Amino acid sequence: MKIAVIGATGHIGSTIAREARERGHEVTGLARNASSLESGVAVDVLDPESIARTLPGYDAVIVSVKGDVPGAVRNLIDVLPGIKVTRVLVVGGGGSLEYAPGQRFVDGPDFPKEYLADAQAQARALDLLRAEGDALEWSYASPPPAYLVDGERTGVYQVRGGDTPIDGIATRISVPDYAAALIDVLENGSFIRERFTTGY
């Protein structure tokens, strides 16, 4: 596949791009600052014109960004169908996963304040995809709620759709295995218009 990875200069985005390349896909790493990329191609997901100019011709777009994630998702929903790109995977947050039915980690009193704004933004992005993303074949990839950690690629992990972490708050996965799980989902065409999560 011809894959665009937006946010390829970040830790997770670069790991995803590397995983996809090692499997033989044609990968273009994109970010707002093109000077830090081998491809030399920039895209600003908060600028609809930049999306429309840069992303035609890709089989899939993987989005690994921070900050105004709902704004980025809003633009992708609005622009990508018009340029005939529909497969989108969003590197999401784990805070919107649920510890009990209807009870999200991000809404709990013990959720770390330093991660709260990012987790709330990611939760809004997921809500937006679910409400208005029908023209896209989107998948939202939630890591565990607390333990997405540096480590080795083992190739042995679980992947499951839905809003519940695989082993509750104790769920763990390494960044390389999370990246591998995401590319598995892309290759298999699974979890269309769904959130999925990963863990050991």
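Derivation of every value follows stated rules applied to the coordinates shown; laboratory data play no part. A quick note: this is a predicted structure, and the numbers were derived from the prediction, not measured. So basically every Cβ, Gly included, is an ideal-geometry build from the backbone, and we count neighbours across all protein chains shown.
Considering Cα pairs under 8 angstrom that are at least six residues apart, work out the relative contact order of segment 60-140 and quote it in whole percent.
Worked out over segment 60-140, it gives 43 percent.
Close amide H pairs (under 5 Å, H built 1.01 Å from N) link D47 with no residue at least 5 positions away or on another chain. Take A135, project a point 7 Å from its Cα along the Cβ direction, then tell me which residues of segment 49-82 have their backbone nitrogen under 15 Å from it. Residues 49, 51-53, 56, 73-82 fall inside that zone. Annotation: extensible slack from A100 through V149 equals 15.3 nm (criterion: 0.36 nm per residue apart, minus Cα-Cα distance).
Find how much the distance from D127 to T86 grows on full extension, using 0.36 nm per residue of separation minus their present alpha carbon separation; answer in nm with one decimal.
Numbers: separation 41, 0.36 × 41 = 14.76 nm, distance 1.81 nm.
Once the chain is fully extended between D127 and T86, it gains 12.9 nm.
Note that segment 55-65 has calculated 3J(HN,Hα) couplings of 9, x, x, 8, 7, 7, 10, 10, 10, 10, 10 Hz, one per residue in order, obtained from phi through the Karplus relation 6.51 cos²θ - 1.76 cosθ + 1.60 (θ = phi - 60°); glycine and proline are x. Under the simplified labelling scheme, the Q158-E187 pair shows an inter-label distance of 2.2 nm, with each label point 7 Å from Cα along Cα→Cβ.
Most fluctuating residue of T154, T164, T28 in a GNM of the chain with Cα springs under 10 Å: which is it? Its mean-square fluctuation being the largest, the pick is T154. The label point for D167 and the one for E194, both projected 7 Å from the Cα toward the Cβ, are 2.2 nm apart. Structural descriptor for the chain: relative contact order 19 percent, calculated from alpha carbon pairs under 8 angstrom and at least 6 residues apart.
Working from Cα pairs under 8 Å separated by at least six residues, relative contact order for segment 1-76 is 36 percent.
The HN-Hα couplings worked out from phi for segment 116-127 by the Karplus form 6.51 cos²θ - 1.76 cosθ + 1.60 (θ = phi - 60°) are 5, 4, 5, 5, 5, 5, 5, 5, 5, 5, 5, 4 Hz, whole numbers, x standing for Gly and Pro. Here the calculated FRET efficiency for L116 and N33, from their Cβ-Cβ distance with R0 = 22 Å, stands at 0.25, rounded to the nearest 0.05. Look at [x] 15.7, 45; [y] 17.0, 50; [z] 27.8, 98: the one that is Rg and Dmax of the Cα atoms in Å derived from this structure is [x].
What does the charge count around G95 come to, taking other residues whose C-beta lies under 15 Å from its C-beta (Lys +1, Arg +1, Asp -1, Glu -1)?
Residues close to G95 contribute a combined charge of -2.
Sorting 179-185, 44-50 by average packing, meaning the other beta carbons within 10 Å per residue, from highest down gives 179-185, 44-50. Straight-distance candidates among the aspartates and glutamates for linking to K2, with alpha-carbon spacing under 14 Å and chain neighbours fewer than 8 residues away dropped: E19, E22, E26, D59, E187.
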